[in-house]
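Note sheet for the following structure.
The values are calculated or read from the model by the stated rules, or taken from the named source; none is laboratory data. Everything numeric here is computed off the predicted structure, so don't read it as measured data. Please note: Cβ atoms are built from the backbone with ideal geometry, for glycine as well, and neighbour counts cover all protein chains shown.
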Amino acid sequence: MIDLSYYIKHAVDVHPVLQRDVKHQRKFNDELLTVFDEDSMFAQEEAIKIHLHPPTAVSGPVIPPEHSHDFFEIIYVYSGQFFQEINGISIVQNKGQSALLNLGAKHKVWVEHSDDIVFNILIRKSMVEQVFLQLISKNNLISSFFLNSLYGMNSKKNLLLFDQMEELDEIFCGIIREYYDRDFLYEENIIGRLVQLFSIWARIYYKRNDQEKNEITEIENDSVIKMLDYIQSHYNTVTLDDLANYLGYSRRHVSRLLKMHTNRNLSEIVNDLKIKNACIYLNNTGLPVDKISEIIGFKESSYFYKIFKKQMGCSISKYRQTLKTGNLQEKAQ
């Protein structure tokens with residue numbers, strides 16, 4: 001195992017106790033569930049965050065209440081063990097094991113000894129949508145896991161668990177070093193290593209056994225996955241006719257499939273993607289609003305203004321003004 005002693009100490013110095021600013025609670029089956037949202041967990045411009053799981057108290061482990069979150073989480077056990085309970089099922093991760101947690105999965109997590117060293121890698125939804133899904137193959141279990149989670153489809157899995165491999169240890173340790181060293185282009189290096197991680201995970205699942213191969217084959221042939229992939233790549237121009245021609249289905253069948261599996265229609269999905277991409281342009285360029293509206297596919301700027309305010313809760317001018325003051329928590333991410 002690669003020695004991370006320096007980085008573990010540095011991680012403790014940076015955040016000795018994880019500050020989880022809980023923004024709200026939601027009711028599930030008449031019980032309140034703590035929900036950690038992106039705005040409370042990430043800095044404004046931050047898309048990937050790494051922290052140490054809080055160590056056990058001197059008096060022994062404290063099992064926190066059940067919670068969920070609206071971002072993706074990777075759990076890597078550097079040493080010792082990590083415990084969690086998902087939907088009443090207990091799961092133990094041992095040294096070197098890693099896991100990818102689904103959006104909204106309800107779980108309890110804890111460690112039992114002071115030498116249990118566990119790193120949590122948190123990833124915004126927008127980073128998965130706008131970067132990782134464009135860089136990794138769409139025909140594998142990992143990309144399908146992301147798409148199922150992002151679009152509210154009925155995913156069979158709350159968590160994907162992977163055994164220790166030297167190759168995976170090297171990737172995780174490289175990600176951790178990049179994050180805390182903060183050298184030039186460290187974010188790009190982290191993204192590259194995560195893409196490599198997802199590719200190896202997909203290969204592991206493909207080779208694991210025939211049952212997993214059959215599941216992947218089923219997902220590959222799923223028309224909804226193909227539709228969502230197409231919408232991601234053509235969000236600024238896509239129409240029902242485009243999707244129908246792409247899949248060889250009628251407009252009515254395409255519309256029914258989308259509504260059945262995502263509980264949203266095409267315009268709702270497309271407008272969500274347009275506003276998220278609009279925020280990227282507003283954050284990173286000085287382009288006029290009319291030009292941004294044209295780029296992301298709105299035929300009329302007035303409609304862009306209307307949809308933006310509806311989704312973001314403020315006008316475009318207010319959004320840009322607040323960005324300049326550095327006080328805006330990006331709702332688009």
- Before we move on, is F42 aromatic (F, W, Y) and modelled with pLDDT of 90 or more? no
- The number of residues in segment 263-289 that are of a type outside the set (A, V, I, L, M, F, W, C) and buried (at least 19 other Cβ atoms within 10 Å of the Cβ) is 4
- Inside segment 76-110, can you point out the residues that are in contact with a His (Cβ under 6 Å, 6 or more places away or on another chain) and among the hydrophobic types (A, V, I, L, M, F, W, C)? I86
- Query: If we scan segment 175-188, do we find a residue that is hydroxyl-bearing (S, T, Y) and either under 17 Å from S5 (Cβ atoms) or not assigned by TED's automatic domain parsing to the domain that holds I142 (or both)?
  - Reply: yes
- Of the conditions (1) surrounded by 12 or more Cβ atoms within 10 Å (Cβ to Cβ); (2) at pLDDT below 90; (3) basic (K, R); (4) assigned to a helix (DSSP H, G or I), the single one that K331 does not satisfy is (4)
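Here is a yes/no grid of residues against (1) crowded, with 19+ Cβ neighbours inside 10 Å; (2) closer than 26 Å to Q44 by Cα; (3) at pLDDT 80 or above:
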{"position": "V111", "(1), (2), (3)": "yes, no, yes"}
{"position": "N139", "(1), (2), (3)": "no, no, no"}
{"position": "I142", "(1), (2), (3)": "yes, no, yes"}
{"position": "D183", "(1), (2), (3)": "no, yes, yes"}
{"position": "I190", "(1), (2), (3)": "yes, yes, yes"}
{"position": "V195", "(1), (2), (3)": "no, yes, yes"}
- Identify, from the list I74, I86, I91, the residue that is modelled with pLDDT of 90 or more and of a type outside the set (D, E). I74
- Among helices (runs of 4 or more DSSP H) entirely inside segment 248-315, those with 3 or more residues being within 28 Å of Q44 (Cβ to Cβ), of a type in the set (K, R) and free of Cβ contacts under 8 Å to residues at least 24 places away in the same chain are 301-312
- Does F119 satisfy the condition of being surrounded by 17 or more Cβ atoms within 10 Å (Cβ to Cβ), in a strand (DSSP E or B), among the aromatic types (F, W, Y) and modelled with pLDDT of 85 or more? yes
- Query: Pairs, please: C-beta under 8 Å, at least 6 apart or cross-chain, first residue at positive phi and in segment 44-67, second at pLDDT 80 or above and part of a loop (DSSP other than H, G, I, E, B)?
  - Reply: G60/E112
- Note on the structure: Picked from segment 62-81 (must be under 19 Å from F145 (Cα atoms) and touching a Lys or Arg at 6+ places or on another chain (Cβ under 8 Å)), the residue surrounded by the fewest Cβ atoms within 10 Å (Cβ to Cβ) is D70
- Query: Which of the residues belonging to segment 82-101 are buried (at least 21 other Cβ atoms within 10 Å of the Cβ) and touching an Asp or Glu at 6+ places or on another chain (Cβ under 9 Å)?
  - Reply: F82, S98, L100, L101
- Check segment 315-322 and report whether any residue there is outside the structural domain of Q130 (by TED's automatic domain parsing), at pLDDT 90 or above and within 23 Å of the chain's Cα centre (by Cα). no
- Flagged in segment 1-39 as modelled with pLDDT of 70 or more, of a type in the set (A, V, I, L, M) and not in a loop (DSSP other than H, G, I, E, B), in numbering order, are I8, A11, V12, V35
